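Encoded as structure tokens, the structure appears first; notes follow it.
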Amino acid sequence: MAKLRVWSGSRWGRTPNPPFEDLFIAASGALFLTGAALVIGPETELDGFPDATNTGLIGTPIGDIAYSSLNARGGLNITESWIASSNGGSRVLELQDITGQLTISVGDFTVRYCRIRSGSNYPVRTNTPEGETHARIEWCEIAATGTTASGVVSDGQRRFELYRCNIYGGHDCVHFKGDCLIEENYIHDQTKASGTHNDAMQHNGSSDALPHGQITIRGNTILGPLNQSTSAIIMGTTQGGMDQILVENNFMSGGSVTFYSFWRKANWPIPPRNVILRNNVFVKDSYTVSAIYGASETSATPSFVHAYSNVFDTGEVIQDREHGYEWYTGSFDW
């Protein structure tokens, strides 16, 4: 009997719970749906947090995938003309072993069951046009082979979804901007070199007017450099504002500060708002300074991070932080 995830609610499914219903298909293949629903693909249950046994090419809905079964190819830029001329009109790219940069320049496109390796700045780059639906990257192994590379980046305010990928190597692993969903990935083992400031994940703000689109980071394993610079997740206003950011149900470790966020007023005059950190597990003493740091423009000003229900892996509860500049009083569409 197979289990599938079915969309049955709002866009990201954040109010009050993810709008996914579990449906089961009998051996006969019969599937009965009541009401409007969209099947978006088979799901495999996680036992604990993501790791090398249930992300990338391992533990996929179609089984473990050997490198030898993939089609070797160089880097490419996915455009509408490429889809029509080289992909038979299909909006899915799968079972490829890509050496070089993969750029996704269209919306409503899925990359899955691929290995992507590159020493360029970004092995995977998403550049979804304004007004189009998200590009989705799922069940891929992504390796940044250069010390200055980052594994995945979303350009500008471009939208993307990252699901069940194994991402490692490089200077950083994931750079993200506005309007993205990063869920159940294994993000780890950045390449530490002299003078590098490694982060597993990095957000430099978004330069458009706030709000700039929801950012949800959920259910991932995010491992920064153990007891070294800089963080598992770093977020700051160096290139724009921060708003509507939800970080929940992750397992995090490493860095000088594991979760590091700040407001740099000289770069962006509007204080961050609606930054929520909840229900995460931090590895105690995997950092050199602290597990959570919410720096503001001056040390005398309260932190803007709304942090609650976070714990250490030892079971120790981390003190809640309920203060900030401005808090959203309605319900998030999360």
**Q.** Gyration tensor verdict on the range 229-269 (Cα atoms; rounded if a/c is under 1.5, prolate if a/b is larger than b/c, oblate otherwise)
**A.** oblate
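Given the Cα-Cα distance of T145 and A266 and 0.36 nm per residue of separation, how much length would full extension add, in nm?
Values: separation 121, 0.36 × 121 = 43.56 nm, distance 3.43 nm.
The span from T145 to A266 would gain 40.1 nm if fully extended.
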Q: Please work out whether the range 155-207 counts as rounded, prolate or oblate from its C-alpha gyration tensor, where a ≥ b ≥ c are the square roots of the eigenvalues and a/c under 1.5 means rounded, while otherwise a/b larger than b/c means prolate and anything else oblate?
A: oblate
Q: Tally the DSSP beta bridges in the range 48-159 and give the antiparallel ones as a percent, rounded to 5.
A: 5
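Values quoted throughout were computed directly from the atomic coordinates according to the rules given, and no laboratory measurement underlies them. Note that the structure is predicted; figures quoted are calculated from it, not measured.
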